[in-house]
Amino acid sequence: MTQTGKRTKLVHHGARRSQYAEVAEAIYLTQGFVYPSAEAAEARFLEAGADEFIYARYGNPTVAAFEDRIAALEGTEDAFATASGMAAVSGALTSLLRAGDHVVSSRALFGSCLYVLEEVLSRYGVAVSFVDGTDLAQWRAAIRPDTKVVFLETVSNPTLEVIDLKSVTDLAHAAGALVVVDNVFATPVFSRAASLGADVIVYSATKHIDGQGRCLGGVVCGTRDFIRGTLEPYMKHTGGALSPFNAWVMLNGLTTLDLRVRAQAASAQAIAEALQGDARLARVIYPGLPGHPQHKLAQAQMDGFGTVLALDLAAGKEAAFRFLNALKVIVISNNLGDARSIATHPATTTHQRLPDDQKIALGITPGLIRLSVGLEDAADLVADIRAALDMI
Ligand SMILES: *Cc1c(COP(=O)(O)O)cnc(C)c1O
C-alpha cells in the first residue's frame, strides 16, 4: 500500500497484525517475551532483530507500532515512546549531555521543562544560558563553540510566541550544536520541524495525540542513529518506557489526530477573531491573527496556527477568576489538546512557581487565561466566553 498522505499514515502505518489478522490494533499487554530456546534468548540479547522484543522497558510491539506511526507522520527516521512528555524532554536532553557541556535555551518554557534546564542539568555540571527566543541577536550572542544543545519550544506556553526555527537551527548547526525542540503547541499535524532542520523533535502525547485526556505519554523523534544509538540505551536503562496500554490509546488517538487538530484550530481562529477588539480584553493572543507579532513566521513554518489561544483580561486576577468561574461549557483544568475546551490561569497554576518579575517578563499577567480549544461547536464556545466576560 502506498502511504503518502498524513491521514493515510495516521490510520494505517506501523500496524502489526497477529496470526488472527485482527482489524483494530491488538494490545500486547506483556512485559516480557518467551524465547523458543536458550540459544534464541542468547542471540536476542546479543542483537535483537527487527520486531524481536526482550522486555517492555526496552520495547514492545504495541509501543513499536506507535513509534513507527509517529515517525512516519513527523518525517523522521525513527522515534522512541516514553512514559510522559517530561520523560521525553528529560531523556532527550540527558542522553545527549554530559558535565562540561553548554546549552542555550529560550526562556519562555513549560514549567517542568524550565525545572529540568534550570535545576536538574546544573546539578550535573551542564551550564545553561537562557535567551529571549524571539530575538535572534540573543541566540547569536549566546551560542558558543562549546554549545552542545539548543533547546526551545517552537510555540511558547502560555503566551504563544513563535520562534524562528530555521534561523535558530542555522546558528546552532554552524556552532556544531544539535537542536532539540518541544513541539507540543505546533502539533505533529502542523509541524515542519524536521524539514526546517530540527535534529530532535519531542512531543507530550498526553496532549493532542491522546486528545481525549486519558493517558500520559511522550515521544522523541529523530535520526535512527540518535534514537537507537543515544536515546534508547539511556531510556531503556533509566526506566521511562511507555506502557503498552497507553501506546494503544495513543495509536487510536493518532487515527483521528489530523481531523481533530484541524477542527480545533479552525475553532481557535474563529474564537480569536470573534473576541478581537473586545474592550475587556487587553490582548487576544493567537498566531493566526494578522496582528500577532510572529503571524507571518507562524504561517511560513507551520501548516496551521494551533489549537491554543490566550486572553488577557484587562481587569486582572479577580476578573480572570470570575470569568473562569462563570464558564459553563469550557472546563477549568490544565491539560491542552483535549476534545473538551479547557481554560487555565497560568499565573496561579502552571506557572505559579515563577517569581513575579519573571512572570511579567514572560507576559504571564494576572489577567492571562490560556484557552485550549476543543471539539465543541465554535459558536457555543464564543457564547460561553462572552457570557462569562459579562460576569466580570
Ligand atoms: C504538557 C507539556 C509537557 C509535558 O508533558 P507531560 O506529558 O505532562 O509530561 C512538556 N512540554 C510542553 C510544551 C507541554 O505542554
In nm, to one decimal, how far is the GLN352 label point from the GLU376 one, both placed 7 Å along Cα→Cβ? 2.5 nm
Could you give the distance between the Cα centres of the range 266-284 and the range 1-80, to the whole Å? 44 Å
Between the range 213-230 and the range 88-165, how far is it from one alpha carbon centroid to the other, in angstrom? 18 Å
Here the percent of antiparallel bridges among DSSP beta bridges lying wholly in the chain, to the nearest 5, is 55 percent
For the range 372-381, what does the Karplus curve 6.51 cos²θ - 1.76 cosθ + 1.60, with θ = phi - 60°, yield as ³J(HN,Hα) per residue in whole Hz, taken in order and with x for Gly and Pro? 8, 8, x, 9, 5, 5, 4, 5, 5, 5
The ³J(HN,Hα) series, computed from each phi in the range 258-275 with the Karplus coefficients 6.51, -1.76 and 1.60 at θ = phi - 60°, rounded to the nearest Hz and given as x for glycine or proline, is 4, 4, 5, 5, 5, 5, 5, 5, 5, 5, 4, 4, 5, 5, 4, 5, 5, 8
The equivalent-ellipsoid semi-axes of the chain, taken as the square roots of five times the Cα gyration tensor eigenvalues and listed largest first in whole Å, are 36, 26, 18
For the residue pair THR30 and SER167, what label-to-label distance in nm results when each label sits 7 Å from Cα along the Cα-to-beta-carbon direction? 5.3 nm
Calc'd 3J(HN,Hα), the range 297-302, phi into Karplus 6.51 cos²θ - 1.76 cosθ + 1.60 (θ = phi - 60°), Hz, glycine/Pro = x, comes to 4, 4, 5, 6, 10, 9
Could you pull out the GluC sites (Glu not before Pro) across the range 1-106 that fall in loop regions by DSSP (anything but H, G, I, E, B) with no more than 11 other Cβ atoms inside 10 Å? GLU22, GLU47
Determine the principal axes of the Cα atoms in the range 348-392, then give the extent along each, sorted from largest to smallest and rounded to whole angstroms. 37, 24, 15
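Set the Förster distance to 56 Å, then compute FRET efficiency between ALA38 and ARG98 from the Cβ-Cβ distance, nearest 0.05.
Numbers: r = 38 Å, r/R0 = 0.67.
Working from the Cβ atoms, E equals 0.90.
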Aspartates and glutamates near LYS148 by alpha-carbon distance under 13 Å, same-chain residues fewer than 8 away left out - which ones? ASP101, ASP199
Which value in deg cm²/dmol, rounded to the nearest 500, describes the helix-derived mean residue ellipticity at 222 nm for the chain, given -39,500 (n - 2.57) per DSSP H run of n ≥ 4 and division by the residue count? -11000 deg cm²/dmol
Which aspartates and glutamates does LYS207 reach when only Cα atoms under 15 Å apart count, and residues fewer than 8 places away in its own chain are ignored? GLU153, ASP182, ASP258, ASP338
Evaluate Rg over Rh across the range 109-260, taking Cα atoms for both radii and Kirkwood's formula for Rh. 0.96
Positive-pole candidate from THR256, TYR55, LEU309, dipole of the chain, charges at beta carbon: LEU309
Cα convex hull of the range 258-390, projected area averaged across orientations, nm²: 7.7 nm²
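None of the figures in this text is laboratory data; all of them are computed from the coordinates on show. Since the model is a prediction, treat every value here as computed from it, not as a measurement. FYI the Cβ positions are ideal-geometry reconstructions off the backbone, even for glycines, and counts take in every protein chain you see.
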